[in-house]
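**Student:** Please read through the structure below; I'll follow up with questions.
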Amino acid sequence: MTVLQRRLARALPANEAWRPRRRLQRLLDQAGPLLRRPGFVVALLLVLFTLVAALAPWLFTQFDPYATQPSAKLLPPSLSHWFGTDELGRDLYTRVLYGARLSVEAALLAVGLALVCGLGLGIVSGFVGGRLDAVIMRLVDVLLALPGLLLALAIVTAIGFGTLPVAVAVGVGIIPGFARTTRAEVLRIKTLPYVEAARLGGASWGRTLLRHVLPNAWGPVAVLATLDIGAAILATAGLSFLGFGAAPPAAEWGTLIANGRHFLITAPWVSLLPGLFLVLVVFSLNHIARTFEEVQR
Amino acid sequence: MSRLIDVENLKVSYHSGGRVTEAVRGVSFYLQPGETLAIVGESGSGKTTLASALLGLLPLTARIDDGRLAVAGQDISHASERSKQRLRGRVVGLVPQDPMVSLNPTLSIGRQIGESLVLRHGKRYPGLDADVVELLQQVGLDDPALRATQYPHELSGGMRQRVLIAIALAGEPQLIIADEPTSALDVTVQKRILDHLEQLVKARGIALVIITHDLGVAADRADRVLVMRQGEVVESGAARQVLSAPAHPYTRELLAAAPAFGATPRPLPVALAGKQPLLRFDGVGKVFSLPQGRSFQALQALDLAVYPGQTLAIVGESGSGKSTSLRIALGLEQPSSGRVHFAGQDIGTLNWKQFRPLRQRMQLVQQNPFAALDPRFSIYQSVVEPLVSFGLLKGRELEQAARRLMEQVQLPASYLDRLPRELSGGQRQRVAIARALALQPDLLLLDEPVSALDVSVQAQILDLLRELQAELGVAYVLVSHDLAVVASLAHQVVVLKQGQVVEQGEARQVLEQPRELYTRELLEAVPGRRLAVA
């Protein structure tokens, strides 16, 4: 600022009219540039579509996912049956939409569990430090050393089959990533001058943690969470493909794909189209995560 | 002789996201072999872009729109990467800005110098090791054979800067471009390195381009000066002429802002009659224990007293214990010996909870305004945070307090909605000062408050601090390595060296008639002395 600008600034009458800007407005300002990226918008729309389908699948289809119709079995994709039909004549598109509920539910549960546990462990570990840090991190190391799918299989066999156990099993497998990322961020941020300034300004440890450390550590963790929803969807689908997930006739993406492999030669769409949809959703989530990561930089 | 650099009407612009920013707008200048040219300007004036263009290292988003840019007779404005690469190292050498990050931490010093020797002489150059040692000796490092085997982290900032100079010299260039070569270093080290660079360049007949925001540095070293502002050259000519009789108002403004050029305002005198000291150190010492049972004496028997409304400056190079004394005053460190009194209360042994009420009366302004504000907090949130932490004000009152604070630091209230990244360095430092003033403290601790800022902005912040002191009667403890800054603010001065007090007393007396050799050295290191003396 030059001397002139400074004098201008002093003379400005705007001081009286000023009021703090609302949070929503700030959020909208930030979202603007994101919405100008076509790839991001397409990915976001697909994910939103999946989420809405998971909540209210009947909005997008007039078929019943459980109504069998033997005369219309294994029909190829057409205008009336977009994804074709399965061996019992059920509309596959409808079953994918209804299956979204179980798959998305399981994935969100898994990531939610991992997020809560991982963030908690990471923050405690990074903020308290010392022996507690060493103990927590060695536990995390042990978890990291086990292959994810093996760990999940072991947990599912221990606590039973079904959507919830599968979600827990997958969630436990991705805790270590969250714990590590959070801890690294907390360690970095707690030495920054603005944290010291807040402390010297009289802020308690709790306030410093909640208002300064957590929001600033949140960025990479949020990216990881978005990325891991995709991974969790894949893992739950994998477990239900192996038969640990939802029991038939409930539709779930993994079981849909598993069902179709009997007809892979004669009716490949039964397996491939649900698989393709799954891939698209995971890909969209990855793209969103990647975009967030770029924006942060 | 032919010109080494010949720039005519050069225009460079940055293109990103559909926006075009003109960084250099029609600059013309030339440089003869053996000459020293200083390019002076604030941040954003286009001086670094100009240097990158000379090196052929413009980023991909930059475009040379117009003009001619010839180095050693070769036009490189649109030359291929390969031909530019031939120029770098052999014809043009660079001494980069930040010695802390400019060396490869995984290679030894000798290897890094060797790299540029190999580039110059070919892979099977027989005299490699001897040349490395000789170069290290030339740039003034003791025990060059040992230094060649060491790694960057084992050297201090000043030594690393010397290594970088050695690397630039290794290619035997005709021209060295030094981009703010010493702004990250202590003043005394700065002086020694610049002296040395000057000698080397003179001895070898190399031309030198110094890029700096500090007119003092330019005045001391350069034959000619080029003053840039917003991508344009506002003034150029012989150094002495430009600086003693500046023609352009901007140059005059820069000169007035440079603390070393005599016209610095002095602090207002404060009557002390019968006042009790606000902060008092009695024989305070601090020992840090290091691994393997060793210990390090950071501070020894420091006595000082800060009176209400007065400024006490603690001066010293890095490692002198000046930051430690601040941290002790703030209760972030406990003194190993001696007593610390704040407003009559012994604070040396208080724990965090007991200290908390005192924080309302004592606040800190940090060194680096770029890291001192939470990037996610709006300026409003940052400024009022201490008030919220202590639960003093709510709602409307809080907004009023924010407006009043912004007025005090002379920023428009509309800035309250901005995020820190939308402000310049000087503006951020104003916000940090506003935050420190929020609780209406009696004492502000200023930790190098202007060292991260441009010279002209420094002067504005110092003015602000002086005005605030007159208005609010706050006492300051100012920690600085820059005596020019100290002279414009301090009533009392303590000079520290390696944890010990070298000299102490009234500012006028210490700065005008220094008794100790060390103080005199510090004073001489202030850039711009040669011109001020002449």
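**Student:** Given the structure, is B:Ala372 within 26 Å of the chain's Cα centre (by Cα), in a helix (DSSP H, G or I) and small (Gly, Ala, Ser)?
**Tutor:** So B:Ala372 fails the test.
**Student:** Among residues belonging to region A:173-203 that are surrounded by fewer than 18 Cβ atoms within 10 Å (Cβ to Cβ) and part of a helix (DSSP H, G or I), point out the one that is nearest to the other protein chains (Cβ to nearest Cβ).
**Tutor:** The qualifying residue nearest to the other protein chains (Cβ to nearest Cβ) is A:Arg188.
**Student:** Counting only residues that are more than 22 Å from the chain's Cα centre (by Cα), give me the helices (runs of 4 or more DSSP H) lying completely in region B:174-246 with at least 1 of them.
**Tutor:** B:187-204, B:239-244
**Student:** Based on this model, can you work out whether B:Gln137 counts as modelled with pLDDT of 85 or more and of a type in the set (S, T, N, Q)?
**Tutor:** yes
**Student:** Now a separate question. Could you list, in sequence order, the residues of region B:4-60 that are part of a helix (DSSP H, G or I) and either hydroxyl-bearing (Ser, Thr, Tyr) or free of Cβ contacts under 8 Å to residues at least 40 places away in the same chain (or both)?
**Tutor:** Matches in region B:4-60: B:Thr48, B:Thr49, B:Ser52.
**Student:** Report yes if B:Ala470 is in contact (Cβ under 8 Å) with a residue 40 or more places away in the chain, among the small types (Gly, Ala, Ser) and surrounded by fewer than 20 Cβ atoms within 10 Å (Cβ to Cβ), otherwise no.
**Tutor:** So B:Ala470 fits the description; yes.
**Student:** Conditions first: (1) closer than 30 Å to B:Val510 by Cα; (2) in contact (Cβ under 8 Å) with a residue 40 or more places away in the chain; (3) more than 22 Å from the chain's Cα centre (by Cα). B:Gly319 passes all but one, so which condition is the exception?
**Tutor:** (3)
**Student:** Please find, within region B:359-395, the residue that is surrounded by the fewest Cβ atoms within 10 Å (Cβ to Cβ) out of those that are more than 23 Å from A:Leu192 (Cα to Cα) and within 10 Å of chain A (Cβ to nearest Cβ).
**Tutor:** B:Gly391
**Student:** Here is a follow-up. Where the second residue is assigned to a helix (DSSP H, G or I) and of a type in the set (Gly, Ala, Ser) and the first is within 11 Å of another protein chain (Cβ to nearest Cβ) and lies in region A:204-225, which pairs have Cβ atoms under 7 Å and are six or more apart or on separate chains?
**Tutor:** Once the first residue is within 11 Å of another protein chain (Cβ to nearest Cβ) and sits in region A:204-225, its partners that are assigned to a helix (DSSP H, G or I) and of a type in the set (Gly, Ala, Ser) give A:Arg207/B:Ser389; A:Thr208/A:Ala198; A:His212/A:Ala198.
**Student:** Select, from B:Val132, B:Val189, B:Val163, B:Val217, the only residue that is surrounded by fewer than 22 Cβ atoms within 10 Å (Cβ to Cβ), touching a helix residue (DSSP H, G or I) at 6+ places or on another chain (Cβ under 9 Å) and hydrophobic (A, V, I, L, M, F, W, C).
**Tutor:** One residue alone meets the criteria, B:Val189.
**Student:** In region B:221-241, how many are at pLDDT below 85 and closer than 21 Å to B:Leu169 by Cβ?
**Tutor:** Result for region B:221-241: 1.
**Student:** Please tell me if B:Leu141 is free of Cβ contacts under 8 Å to residues at least 40 places away in the same chain, within 27 Å of B:Thr36 (Cα to Cα) and outside any helix (DSSP H, G or I).
**Tutor:** When the stated conditions are applied, B:Leu141 passes them.
Residue-by-condition table, conditions (1) surrounded by 13 or more Cβ atoms within 10 Å (Cβ to Cβ); (2) more than 19 Å from the chain's Cα centre (by Cα):
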site: A:Phe63; (1), (2): yes, yes
site: A:Lys73; (1), (2): yes, yes
site: A:Leu97; (1), (2): yes, no
site: A:Ala110; (1), (2): yes, no
site: A:Cys117; (1), (2): yes, no
site: A:Phe127; (1), (2): yes, yes
site: A:Val142; (1), (2): no, yes
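**Student:** Quick one: would you say A:Val170 is touching a residue at least 40 places away in the same chain (Cβ under 8 Å), surrounded by 23 or more Cβ atoms within 10 Å (Cβ to Cβ), within 14 Å of another protein chain (Cβ to nearest Cβ) and part of a helix (DSSP H, G or I)?
**Tutor:** no
**Student:** May I pose another question? For the structure I just gave you, tell me whether A:Leu149 is under 19 Å from the mean Cα position of the chain (by Cα), surrounded by fewer than 19 Cβ atoms within 10 Å (Cβ to Cβ) and more than 14 Å from chain B (Cβ to nearest Cβ).
**Tutor:** yes
**Student:** Among the listed residues B:Lys286, B:Lys275, B:Lys353, identify the single one that is farther than 18 Å from B:Gln500 by Cβ, outside any helix (DSSP H, G or I) and not hydroxyl-bearing (Ser, Thr, Tyr).
**Tutor:** None of the others qualify; the one that does is B:Lys275.
**Student:** Here are B:Gly309, B:Gly293, B:Gly331, B:Gly338: which of them is of a type outside the set (Phe, Trp, Tyr), outside any strand (DSSP E or B), in contact with a strand residue (DSSP E or B) (Cβ under 7 Å, 6 or more places away or on another chain) and on the phi > 0 side of the Ramachandran plot?
**Tutor:** Checking each option against the conditions leaves just B:Gly309.
The values are calculated or read from the model by the stated rules, or taken from the named source; none is laboratory data. Just so it is clear, the model here is predicted, and its values are computed rather than measured. Glycine gets a Cβ as well: all are built from the backbone with ideal geometry, and neighbour counts include every protein chain shown.
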